[in-house]
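The values are calculated or read from the model by the stated rules, or taken from the named source; none is laboratory data. Everything quoted here is computed from the prediction, not taken from an experiment. Here the Cβ positions follow ideal geometry from the backbone for every residue, glycine too, while neighbour counts run over all protein chains shown. Remember, those area values only see protein heavy atoms, side chains included, never the ligands or the DNA or RNA. Shrake-Rupley method; radii C 1.70, N 1.55, O 1.52, S 1.80 Å.
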Amino acid sequence: MGRDPDEGDAFVFDLVDDDAAAGAVSADPAGSRAVADGVAGVVGVSLADSSEGTGPAGADPAASGSAGRRRRATAQVAAVLAVVLGTGLAVEGLRDHARIERMRDIPGGVADVSSPLEETWAWRGAVGPGGGTTDVAVLGDVLAFESDGELVALDPATGEEAWTVELREDAECGPTASPIQGALVTSSLVCLQGTGAEREVVVVGPRGASSAPRALDATDTRRHGPPRVGPEGTVLRAERVGPLSAIDVAGARCTDGGECTGTVASGRDLVLRAEDAATGTERWKVTVPFRPADATQCARTFGGSWSSSENRLVFSGMLAPDAFGGWAVPDRIDLNGCGIQAGVTPGGAVLGAELEPGTGGVTSLGAGRYAVTRFDGVVRATLHAADGDVVGEVTGYPLASRATDEAQPAMLLGVDEPGRRLRAYGPDGTPRWDITLQSGGQEFLAQVGDTAVVTTGAGSVRGLDLATGAEKWLWDGPDPASGGDGGYFGGVYVAQAFTDGESVLLLVESDAGGALGLVALDAASGAVVWDRPGGGEADALDPADADPAGQGVSGSLVAVDGHLLEITPGGIRGLG
């Protein structure tokens, strides 16, 4: 593949002997097939069909997105041939092509935001499981979501339905997440469906192929707890274990009105079990130990997202020391409840179980990294790898960049608001630099090239030197001479950030009316590449009637295979 050259250097190609490269180019007798991805073609030469056979859904998580990667590999081979045969791609064009293709393979990466975005296609229909939520997943090179009794996958380039899977009554598919959360990439989707004795589970793979339905045995529910959708093709079950005599609520009380005082000194542990969704085989089982908890975390209404009558044992008033909740997103499982607070990785590593409930939490940092943050005293965080091993420590609230031009981000920030410090660390917690915090509410928007882009609650966006922390540029709204008020961010905050490796695209939201606007900044200089204030002329999908409305962006944004999509409860559209 091509490697990006430095300015003035030759463009260097690495020739790799692998299956994808070996079958990337074949003779086309007709001599008329176009070369993919917009790369100039060679007469009589075409790209081989990159489609793959469909195996058991969820059986090979590594296959997720492989078709897109092979398609892009063949495009790079075609680019090499074009240069060798003198058919005309300039070095600068090759550099841009390599950057664009690299960004397609980075989760959340966008191929190009160098010009104002316009609607390229629109798909209208219900998005998400209902209730106003728009939870989706990136499954291979498509966007997948529940919609009116179906699991739908859209091609991000065209908006066409790549495939659909009909769902039965009371279906629940996942893991999915809100676009704002960012962790959307999954290797498969698990769907629980049917009711009562007909409750079953199927696994849906990247190409829409479903496993054979597996009946969910009521005996397993009695032994391990009710089934819930889990990450990486699993069904999760959780239950409290141990004798009731282990519960000590003598020092705690909750009234019928929900006012709680005191401490629950001891209680029962929680066992979380992950079973292979397709076969029912246990993959792993972990125990989260009970820790003394404030009675306010033991109210009957706490942690209801996973609770059932079996784990909501009520002792007095609203006090329920067995209550717990949990939910799964593609990169972790969160558990909480009376005496229980922990995060669990998809592989079964328990994080944060040593914390006193309410004094910390577990967050994902992307690229298989996690942080266990302690809020008691000086805020500090322990960094963990995907297997749970400790890899470092940082001071302050750890922040990973929302957008990056690297598959493995080179830096994370630690925000120490009481100490008025902003610190940078390597992925292993190695200190990089330490500067004065400009104001509270710091957010790490993007890491692009040698620039870290941050914003604060005060409303400014700054570009910092990635190596030293020195300020490279400051952007705080339009030039007053342009007629603006000089305060684009006055009542606005950055809701999402994306990058194409050169520019940073910001989705900004006003606190007065919630109008959404878009701003693209050059990552190196901070110059405004283009902007579109909220409520502009671009069409948007109105969730109320799914008709085009002149209200600008109205939903959240998702990047899929380098394409930017807008997600609303009433539909999805492509922006490019």
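Worth pointing out:
- Of all residues in region 238-267, those that are at pLDDT below 90 have Cβ atoms under 6 Å from Cβ atoms of residues that are of a type outside the set (A, V, I, L, M) and open to solvent by 40 Å² or more (accessible area, probe 1.4 Å), 6 or more apart or on another chain, in Arg253/Thr261; Cys260/Thr296.
- Just one of the listed residues (Gln438, Gln408) is among the polar types (S, T, N, Q) and over 16 Å from the mean Cα position of the chain (by Cα), and it is Gln438.
- Hey, Gly128 within 29 Å of Pro227 (Cα to Cα) and open to solvent by 50 Å² or more (accessible area, probe 1.4 Å) or not: no
- Scanning region 283-311 for residues that are open to solvent by less than 60 Å² (accessible area, probe 1.4 Å), under 11 Å from Arg240 (Cα atoms) and modelled with pLDDT under 85 returns Ser307, Asn311.
- Matching residues, region 321-335, being part of a strand (DSSP E or B), over 21 Å from the mean Cα position of the chain (by Cα) and surrounded by 24 or more Cβ atoms within 10 Å (Cβ to Cβ): Phe324
- Single residue of Ala424, Ala400, Ala452 found to be on the phi < 0 side of the Ramachandran plot and within 19 Å of the chain's Cα centre (by Cα): Ala400
- Yes/no for Pro116 being within 23 Å of Ile572 (Cβ to Cβ), open to solvent by 20 Å² or more (accessible area, probe 1.4 Å) and modelled with pLDDT of 90 or more: yes
- For region 144-154, the criterion of being crowded, with 18+ Cβ neighbours inside 10 Å, assigned to a loop (DSSP other than H, G, I, E, B) and of a type outside the set (Gly, Ala, Ser) is met by no residue.
- Residue satisfying condition, being in a strand (DSSP E or B), at pLDDT 80 or above, surrounded by fewer than 16 Cβ atoms within 10 Å (Cβ to Cβ) and touching a strand residue (DSSP E or B) at 6+ places or on another chain (Cβ under 8 Å), within set Leu474, Leu506, Leu518, Leu464: Leu474
- Residue in region 358-371 that is under 20 Å from the mean Cα position of the chain (by Cα) and of a type in the set (Lys, Arg) present: yes
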